[in-house]
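Heads up: the structure comes next, in structure tokens.
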Amino acid sequence: MAQRAQVVADFSGSNGFESDNDATGSNNQPQTRAVFSNMTIVGPLFAATATAPGGSLSNINANYQHAAQIRRNSSISIANSVFANYFEGIYIDESTVATAGATTKNYTDGNLVFIDNIIYNCNAKGTEVKGNNVTSKAIFEASMRLNNTFDATKTVGDLLTDALKYGTDFKATGNALLGTPNFTAKAGTAAAAGAKFDNAKLKNAFFEVVAYKGAFGTTDWSTGWAKYDPQTLPYTTPGQVL
């Protein structure tokens, strides 16, 4: 689960996921092969378009980039997850690889798996699916769109109960965006059902098989465990979360 505020981003570029192999993108082993399922990644945009209320891109730190940047010969795998409200979508990045096309080949060979995910409102720059050139992008885009749900016209509010709330570090008292976020899936939405665990990479007993996509179904398991406004947490009793 990750939520980003509008005003703070890393100067080198902030992405929801950023995955590398080694620094040169070599073919050396072992290779990055982490597997993720049921992640919720909420970016800094808070409307589907720049003209919608609160949607002006000028209000967002310009260093925000992609919902996921997969580069340097990485073979990361992500499934059943929600990506929403980033400037750009899913980027298979070949700019630093020892062998041309190595990261794309990981995808076509099934070592890099990206399936059954939801990508909403990640096309502000016309790069919902991104590659380094027309040739590499053509190799993976059709498959990626077929096996995931992309919709640039919908935002995180079309999926989750109340995700765009922030603590006092980022929003002044009285602002409409001040509050405790609720990342549970809205009934009847694409996040409420449809998760699949039939890919070989998801057969490990580590993964809890659930119906929903993203980190939450109808139960907010973060209640009593996570504090979304640390400035108002009394650090007086160990383990206390109010």
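The values are calculated or read from the model by the stated rules, or taken from the named source; none is laboratory data. The model shown is predicted, which means the values in this text are computed figures rather than measured ones. Please note: Cβ atoms are built from the backbone with ideal geometry, for glycine as well, and neighbour counts cover all protein chains shown. These accessible areas exclude ligands, DNA and RNA; they are computed on the full protein's heavy atoms, side chains included. Shrake-Rupley method; radii C 1.70, N 1.55, O 1.52, S 1.80 Å.
For segment 97-143, what does the alpha-carbon gyration tensor say about shape, rounded, prolate or oblate, given a ≥ b ≥ c as the root eigenvalues, a/c under 1.5 as rounded, and a/b over b/c as prolate? Present the calculation step by step, with values, prior to reporting the outcome.
On the way: a/c = 2.36, a/b = 1.37, b/c = 1.72.
Cα axes put segment 97-143 in the oblate bin.
Of the beta bridges in the chain, as assigned by DSSP with both residues counted there, near 5 percent are antiparallel. With Cα atoms as the point set, the radius of gyration and Dmax of segment 125-193 evaluate to 17.0, 50 Å. Of the residues Leu178, Ala200, Thr189, the one whose Cα sits farthest toward the positive end of the charge dipole of segment 173-242, with +1 on the Cβ of Lys and Arg and -1 on the Cβ of Asp and Glu, is Ala200. Computed from phi, the 3J(HN,Hα) profile of segment 110-118 under the Karplus parametrisation 6.51, -1.76, 1.60 (θ = phi - 60°) reads x, 7, 9, 10, 9, 9, 6, 9, 10 Hz, with x in place of Gly and Pro.
What is the dipole size for the chain, taken about its Cα centre, with +1 at each Lys and Arg Cβ and -1 at each Asp and Glu Cβ, in debye to the nearest 20? Intermediate results must be reported in sequence, preceding the final value.
Values: 18 positive and 19 negative charges, 33 e Å.
My answer is approximately 160 debye.
Computed from label points 7 Å out along Cα-Cβ, the spacing between Asn133 and Ser12 is 2.6 nm.
Label positions at Trp225 and Val241, each projected 7 Å from the Cα along the C-beta direction, are separated by 0.7 nm. Across segment 32-167, the relative contact order, built from alpha-carbon pairs under 8 Å that are at least six residues apart, equals 26 percent. The alpha carbons of the chain give a radius of gyration and a Dmax of 18.3, 58 Å, in that order. Is the shape of segment 167-213 rounded, prolate or oblate, going by the alpha carbon gyration tensor and its root eigenvalues a ≥ b ≥ c, with a/c under 1.5 for rounded and a/b larger than b/c for prolate? Note, shape of segment 167-213 comes out prolate.
What does the net charge come to around Asn21 if you take all other residues with beta carbon closer than 11 Å to its beta carbon, with K and R at +1 and D and E at -1?
Details: positive: Arg33, Arg71, Arg72; negative: Asp20, Asp22.
With Lys, Arg at +1 and Asp, Glu at -1, the net is +1.
Going by alpha carbons, how many degrees (0 to 90, nearest 10) lie between the helix axis of 134-146 and the longest principal axis of the chain? In the chain, helix 134-146 runs at an angle near 60 degrees to the longest axis.
Roughly speaking, to the nearest percent, how much of segment 126-242's 1.4 Å accessible area is carbon and sulfur?
On the way: 3790 of 6800 Å².
Ligands and nucleic acids excluded, carbon and sulfur give 56 percent.
The mean accessible area for residues of segment 76-220, using a 1.4 Å probe and ignoring ligands and nucleic acids, is 44 Å² per residue. Near the amide H of Thr96, within less than 5 Å, lie the amide hydrogens of Arg72, all on another chain or at least 5 residues away, with H placed in the peptide plane. Partners of Lys227 within straight-line reach, counting lysines whose Cα lies under 17 Å from its Cα and excluding those fewer than 8 residues away in the same chain: Lys165, Lys171. For segment 101-242, with equal point scatterers placed on the C-alpha atoms only and solvent neglected, what are the log10 I(q)/I(0) values from the Debye formula at q = 0.18, 0.21 1/Å, to two decimals? Debye intensities relative to I(0), on a log10 scale: -1.14, -1.27.
Each peptide among 36-44, 132-140 gets the average number of other Cβ atoms lying within 10 Å of its residues, and from highest to lowest they stand as 36-44, 132-140.
The H on the amide N of Phe17, modeled in the peptide plane, is under 5 Å from the matching H of Ala68, Gln69, each at least 5 residues off or on a different chain.
Looking at the square roots a ≥ b ≥ c of the eigenvalues of the Cα gyration tensor of segment 1-142, which shape do they give, rounded for a/c under 1.5, prolate if a/b is larger than b/c, or oblate? Taking the square roots of the gyration eigenvalues as a ≥ b ≥ c, segment 1-142 is prolate. Close amide-amide hydrogen proximity is noted between Phe114 and Ile78, each under 5 Å apart and 5 or more residues distant or on a separate chain (H modeled in the peptide plane; Pro and chain starts excluded). Short-range pairs are left out: with C-alpha atoms under 8 Å and at least six residues apart, the relative contact order of the chain is 18 percent. Basic side chains Lys and Arg get +1 at the Cβ, acidic Asp and Glu get -1 at the Cβ, and with that the dipole of segment 99-222 about its Cα centre reaches some 240 debye.
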